[in-house]
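The values are calculated or read from the model by the stated rules, or taken from the named source; none is laboratory data. No experiment lies behind these values; they were computed from the predicted model shown. We place every Cβ from the backbone using ideal geometry, glycine too, and count neighbours over all the protein chains shown.
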Amino acid sequence: MGETGSAAKPLCVDLDGTLIATDSLFESLLLAIKSNPLILCFLPFYLLKGRAFLKSKISEIALPDATLYPYRQDVLDYILHEKENGREIVLATATNQRIAQSVAGHLKIFDLVVSSDEKKNLRSGSKKKKLVELFGDKGYDYIGDSKADLDVWASACHALVVDAGSGISKKAVEKFDVIKVFEYKSNKLKLFIKEIRVYQWLKNLLLFLPLIMAHRMSDPILFFKAIMGFLAFSFTASFVYVMNDLLDIESDRLHPRKRNRPVASGRFPIYLALLIAPVLLVLGFGVSISYLSLEFTLILLLYLLLTTSYSFYLKRIYIVDIILLSLLYTIRLIAGAVAVQVPASKWLLAFSVFLFLSLAIVKRYTELMSIKEVRVTNNSDETGNASETKSEAGINGRGYFIGDSDLLLNIGPASGYLSVLVFALYIYSNEIAKLYTRPEILWPVAVCILFWITRIWFIAHRGKMHDDPIIFTFKDPVSYIIGIIIGLLVLGAAI
């Protein structure tokens, strides 16, 4: 399959899945829903007027930022090379003309744009007909990626195939003169696991803590209920993570690390994310309704409502977002107590609010430091001296500025130390005498927590913290050592 394309023949390029590793219609739709969820009610009526009208209306409501699409760099490099050789480059896409023109305006490499309008959906046979009208049968080369492009290749002189794991290149090679294949193989199972954030399920181990503190882990019935509670929260949390990724595509692409998430990077198709999201939600509430109490299900519903509100709006409000994050961890503890029907310790809840507020601030502080580092690097002048970073710059989609980092650095450790104070007061409470025979042995536990919180903030300040301090903790050997010491001390106080 050598390249035999002629510079005299125009090179026609598809957009969705070919030039960009995503679907521009879905991205436009998600932006529209994010700005006004009621748009969902109008979608069936738009669709009744045809796919072309739907595409036009959605792009009219919300137009994605063309600079943020995940462009396939090797495809783009090939096009640029052909352009430099004097070849005519045509953007031939079924997407709406508004989106097509925005991409063309950003890249500035297309001599002609052929796209859908309000009345005509330029896909498959319609696209073929249009290109034949413009260039004649076998009068152009075409780069595509899907089954819909088979009709277009049939009238093209040469075919160039973008194969993102669909096996479309095999079909194209059998039928057409394929001169180049751009391979994009990926492990869909691995991407699925990453997308639903299985590693984030570690946070839901908090549901076991009330059972542990009540010293009833040996009860098989209660342990089973705790497992069901863990699964219910994990599936529901995964639903929220997927929806959050869908709604935050553009802001994630502006983040130095979040841009590599499966949906934001285009490696995990948006339509698949939209399919798995409701399945995860049904699984979460199905487990809750089947095995746990109505009270637990109501708490799970509260968790869903809060996290959904967070994703749509509350995360944009500074201070409110970090308080809500700390409360979401506390809700897990309450849910764990409800699942196994043990009283929720007021000391544990107070401790968790302050501790997890500190960790939520670590998360925001780390994000600010990451963005500050990237922007300082990008703003460096030719002599290598970094220009001044504006304090007004901050986290896209959040209410924080880089200038807030010093304030967060003061508030965060203070909140963590308040959790240590709560634990110290707990040692002298009446409640502890019912559970521990020698509560004085718990004093070194307070010291261990104090050390751990201080160390977490030192690591964050030095720029070595993971985006999520909870996940960092589960990967940190020192945290495991501290956890083992605390476990031994608690066991010693109990026997």
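Just a few scattered comments:
- Filtered residue count, the stretch 90-104, keeping only those that are farther than 14 Å from L19 by Cα and surrounded by 24 or more Cβ atoms within 10 Å (Cβ to Cβ): 1
- Given (1) farther than 23 Å from M243 by Cα; (2) of a type in the set (D, E); (3) touching a Pro at 6+ places or on another chain (Cβ under 9 Å), number of the condition E27 does not satisfy: (1)
- Of the residues screened, S309 is one that is of a type in the set (S, T, Y) and within 25 Å of the chain's Cα centre (by Cα).
Table: residues versus (1) outside any helix (DSSP H, G or I); (2) farther than 22 Å from D252 by Cα; (3) in contact with a helix residue (DSSP H, G or I) (Cβ under 6 Å, 6 or more places away or on another chain); (4) charged (D, E, K, R).
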{"site": "P64", "(1), (2), (3), (4)": "yes, no, yes, no"}
{"site": "T67", "(1), (2), (3), (4)": "no, no, yes, no"}
{"site": "V75", "(1), (2), (3), (4)": "no, yes, no, no"}
{"site": "K83", "(1), (2), (3), (4)": "no, yes, no, yes"}
{"site": "R87", "(1), (2), (3), (4)": "yes, yes, no, yes"}
{"site": "L91", "(1), (2), (3), (4)": "yes, yes, yes, no"}
{"site": "S102", "(1), (2), (3), (4)": "no, no, yes, no"}
{"site": "G105", "(1), (2), (3), (4)": "no, yes, no, no"}
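- Selection of the stretch 68-78 for residues being surrounded by fewer than 20 Cβ atoms within 10 Å (Cβ to Cβ) and within 20 Å of L160 (Cα to Cα) yields P70, Y71, Q73, D74, L76, D77, Y78.
- Screening the stretch 147-189 for residues that are at pLDDT 90 or above and part of a loop (DSSP other than H, G, I, E, B) and picking the one that is surrounded by the fewest Cβ atoms within 10 Å (Cβ to Cβ) gives D177.
- When every residue of the stretch 252-264 is checked against the conditions, none turns out to be touching a residue at least 40 places away in the same chain (Cβ under 8 Å), among the polar types (S, T, N, Q) and assigned to a helix (DSSP H, G or I).
- Residue match in the stretch 271-293 (condition: under 29 Å from E373 (Cα atoms), touching a helix residue (DSSP H, G or I) at 6+ places or on another chain (Cβ under 8 Å) and part of a helix (DSSP H, G or I)): no
- Options A344, A337, A350, A360; residue that is outside any helix (DSSP H, G or I) and hydrophobic (A, V, I, L, M, F, W, C): A344
- In the stretch 391-419, the residues that are under 27 Å from F451 (Cβ atoms) form Cβ pairs under 9 Å with partners that are at pLDDT 95 or above and surrounded by fewer than 17 Cβ atoms within 10 Å (Cβ to Cβ), at six or more places apart or across chains, as follows: P413/T454; G416/T454; Y417/T454.
- Evaluated against (1) over 19 Å from V113 (Cβ atoms); (2) touching a Pro at 6+ places or on another chain (Cβ under 6 Å); (3) among the hydrophobic types (A, V, I, L, M, F, W, C), V90 falls short on exactly one condition, (1).
- Only listed residue being assigned by TED's automatic domain parsing to the domain that holds P469, over 21 Å from Y271 (Cβ atoms), surrounded by 15 or more Cβ atoms within 10 Å (Cβ to Cβ) and out of contact with any helix residue (DSSP H, G or I) (no Cβ under 7 Å at 6 or more places or on another chain), chosen from A214, A226: A214
- Within the stretch 101-139, the set of residues being closer than 25 Å to Y69 by Cα, hydrophobic (A, V, I, L, M, F, W, C) and more than 34 Å from the chain's Cα centre (by Cα) comprises just one member, L112.
- Boolean, S429 is of a type outside the set (D, E, K, R), in the same structural domain as I323 (by TED's automatic domain parsing), surrounded by 18 or more Cβ atoms within 10 Å (Cβ to Cβ) and under 21 Å from V353 (Cβ atoms): no
- Flag for S290 being among the polar types (S, T, N, Q), modelled with pLDDT of 95 or more and surrounded by fewer than 19 Cβ atoms within 10 Å (Cβ to Cβ): yes
- Test set (1) in a helix (DSSP H, G or I); (2) modelled with pLDDT under 95; (3) over 29 Å from I453 (Cβ atoms); (4) among the polar types (S, T, N, Q) - T366 fails condition number: (3)
- Note on the stretch 83-117: among residues that are modelled with pLDDT under 95 and among the acidic types (D, E), the one that is farthest from S146 (Cα to Cα) is E84.
- Which numbered condition A52 fails, given (1) modelled with pLDDT under 95; (2) in contact with a helix residue (DSSP H, G or I) (Cβ under 8 Å, 6 or more places away or on another chain); (3) under 22 Å from L29 (Cα atoms): (2)
- A446 in the same structural domain as A214 (by TED's automatic domain parsing) and surrounded by fewer than 14 Cβ atoms within 10 Å (Cβ to Cβ): no
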